[in-house]
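Data block below; observations after.
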């Protein structure tokens with residue numbers, strides 16, 4: 001009957017026990033059944049996490065079935081953990097870690113001690129395989145993470161975590177498997193973060209074990225980074241105060257300088273290294289021992305290997321950077337002077353030999369040192385970034401040294417990777433220290449960014465890209481043609497020649513990543529110090545960003561087919577470059593300046609075009625840019641007293657509308673707004689003087705609408721358009737009145753006789769003739785108005801150009 005049982009839906013609680021039992025019988029092996037498919041474990045873990053199968057039901061009717069299913073699950077896992085077969089034991093350990101995370105609180109609280117002892121016994125057992133030990137470390141980490149959520153088991157949790165320290169340190173010294181090292185570091189990091197008190201009694205042993213791996217020649221660069229990250233966490237396990245942090249930082253700096261003394265032999269004076277180490281010793285006290293003991297890692301046979309020295313120094317600098325950027329509860333005493341001196345010492349060595357040191361170094365030694373210097377310089381720049389981020393505005397006493405260091409290194413740095421880091425340091429400095437730092441670094445940033453964003457190089461690369469595309473298309477068409485019978489070799493040569501054209505062999509173009517870094521630095525400069533930008537560099541930057549954005553986007557917006565045939569190019573790189581160029585160009589347009597943006601029209605056209613592109617990132621940003629530029633296009637002040645809803649809802653509030661009578665400046669703004677309305681009213685009153693002809697009024701409205709639309713498209717203010725229209729109309733009428741007053745009327749004698757002796761009938765005839773002429777002129781103007789209206793109502797977006805004479809053309813007809 002159970003097979004015919006029906007469920008409400010996929011959320012029915014009765015399903016959980018059914019699904020769990022099916023997984024247990026189909027995908028989890030038992031003592032007699034071998035493991036046939038390791039991939040099925042991922043399905044088991046995913047199903048348990050999705051349906052929460054190990055969370056026992058609260059319903060009294062379903063609680064018994066649910067508890068029984070979970071009991072069977074746990075018993076099967078414990079049986080697998082105690083199995084002698086490594087694969088089954090590994091499956092049980094992995095699923096036990098999932099169980100620690102997903103089971104109910106009551107079951108975990110009652111069973112965690114048994115599970116912990118079972119896993120710890122596998123780590124201590126010398127006969128356990130490596131995969132079993134790695135899985136045991138991971139599962140114990142999951143168990144301790146879940147245990148840290150129970151506040152009433154803190155002491156017991158620290159006791160359990162302390163039992164793990166010595167066994168895993170012993171494994172770290174004995175084993176050489178990087179997978180096992182990684183599992184041990186993961187478990188140690190969990191203990192240091194969640195239960196730092198468990199490491200107090202074995203702190204020195206842990207530090208010595210980690211330092212020995214960093215100084216070992218058998219450690220790979222990837223594992224060096226992981227050991228460095230853990231070493232940065234270790235001061236929290238000592239006492240967690242500022243003194244522990246300072247002691248570790250002091251040991252790191254001493255070890256770095258000791259290694260540099262050996263690496264820089266023959267490249268710098270010996271007194272520089274001695275002064276650096278003496279500076280790290282506290283006054284009146286001896287300097288602490290280097291990291292890892294008195295000799296550190298200086299005794300191994302591979303000490304003279306330049307590559308190993310640089311890898312160690314890079315790992316120690318990474319550890320220092322991580323310590324600087326990590327959060328701490330207590331206030332730290334950061335040795336800024338020692339850090340800056342270390343960075344300056346590393347960046348000062350570029351591989352050139354001083355005259356006094358040239359006899360002490362061979363050419364091979366210089367070659368090996370020069371090969372490793374870029375890595376060392378990169379680590380030093382990362383340390384400088386971490387130092388700036390850690391103290392931010394407190395860097396002010398050392399700002400002059402930092403600016404001098406960056407400026408001098410910018411001039412001699414040629415590698416793109418290092419220049420990218422320099423731009424990153426510049427951005428961090430500008431964001432941390434504000435306008436003052438922008439004034440000091442502006443000229444240097446603009447000069448270097450202009451070199452990396454040379455418009456002539458961009459134009460040349462555009463021409464090369466277009467030529468490459470045409471050549472490649474021609475080669476493909478030639479290959480697909482059936483009329484011409486050419487050999488395959490000619491097609492291959494044509495394709496190869498197209499690819500070779502797209503790759504510049506000389507160093508004429510900067511990498512896209514470097515251009516993006518330069519654009520971001522300019523964007524930050526305009527954001528922080530654009531208002532103080534002098535004419536010496538602001539106009540140059542605006543022109544450079546406009547040219548770069550136009551060349552990056554015009555004619556080849558990023559899409560799936562843009563660079564499918566060019567080598568070393570990807571659509572992602574092009575999208576990122578275009579986004580960086582558009583962001584910088586937008587910053588140039590909206591950044592405060594003494595004059596209106598010079599390239600506002602070009603920016604509007606570019607962003608309108610980008611808004612219609614199929615690349616969603618570019619289209620979304622261009623839409624955002626147009627919204628941001630709306631304030632620049634229409635800088636109008638809305639009337640502050642035209643908010644009836646606010647005044648009605650909050651009659652006693654201290655809003656601006658309620659205080660407008662007490663604020664003289666607001667009254668001045670309102671007077672200006674009302675004056676503009678009066679001008680419009682007077683203009684409309686002058687129009688009302690005309691004869692009541694609907695065609696004439698329609699013509700006037702159409703003309704004004706077209707003129708205002710054109711002005712608004714050019715970015716002019718609406719109030720300015722109205723005021724200019726009123727002024728032009730007033731000047732036109734005034735000039736016509738003056739002209740009529742100054743020019744005397746030439747009256748012939750016959751006319752005088754007719755006027756003096758004519759009858760009343762002649763006078764009436766002349767009046768009728770004048771009325772007929774006026775009527776003809778008005779009909780003529782109405783016809784012109786219909787034509788203009790048809791042009792204005794057409795589907796074409798283009799607006800016909802209107803001259804000044806088109807304003808109130810019917811008025812001139814009446815006056816004539």
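Coordinate-derived values only; no laboratory data. Keep in mind it's a predicted model, so treat the numbers as computed, not measured. Cβ placement follows ideal geometry from the backbone for every residue including glycine, while neighbour counts extend to all protein chains displayed.
Mind ordering 232-242, 214-224 by average Cβ neighbours within 10 Å, highest first?
Working: 232-242: 18.9, 214-224: 16.5.
Per-residue mean Cβ counts within 10 Å order the peptides as 232-242, 214-224.
Between the stretch 346-403 and the stretch 27-94, what is the separation of their alpha carbon centroids in Å? The distance from the Cα centre of the stretch 346-403 to that of the stretch 27-94 comes to 56 Å.
Taking the inverse of the mean 1/r over every pair of distinct Cα atoms in the stretch 195-284 gives a Kirkwood hydrodynamic radius of 14.8 Å. What the Cβ-Cβ distance of residue 616 and residue 202 gives, at R0 = 56 Å and to the nearest 0.05, is a FRET efficiency of 0.55. On full extension, the segment bounded by residue 220 and residue 21 gains 67.2 nm, given 0.36 nm per residue less the C-alpha separation.
Annotation: the residues 77, 35, 519, sorted from fewest to most other C-beta atoms within 10 Å of their own C-beta, follow the order 35, 77, 519.
Using R₀ = 60 Å, calculate the FRET efficiency as 1/(1 + (r/R₀)^6) where r is the Cβ-Cβ separation of residue 7 and residue 371; round to 0.05. Walk me through the intermediate numbers first.
On the way: r = 68 Å, r/R0 = 1.13.
That gives a FRET efficiency of 0.35.
Taking 0.36 nm per residue of separation and subtracting the current Cα-Cα distance, fully stretching the chain between residue 451 and residue 327 would add 40.8 nm.
Looking at the stretch 11-146, the pairs of alpha carbons with a distance over 24 Å make up 26% of the total. Placing a pseudo-label 7 Å from each Cα along the Cα-to-Cβ vector at residue 401 and residue 113 gives an inter-label distance of 5.7 nm. Seen from all directions on average, the stretch 86-193 presents a Cα convex hull projection of 6.3 nm². Shown here are the Rg and Dmax of the Cα trace of the stretch 241-412, at 16.2, 52 Å. Sorting 103, 94 from the fewest to the most surrounding beta carbons within 10 angstrom yields 94, 103. Placing dummy labels 7 Å off each Cα toward the beta-carbon, the span from residue 60 to residue 539 is 8.8 nm. Sorting 324, 316, 62, 396 from the fewest to the most surrounding beta carbons within 10 angstrom yields 396, 62, 324, 316.
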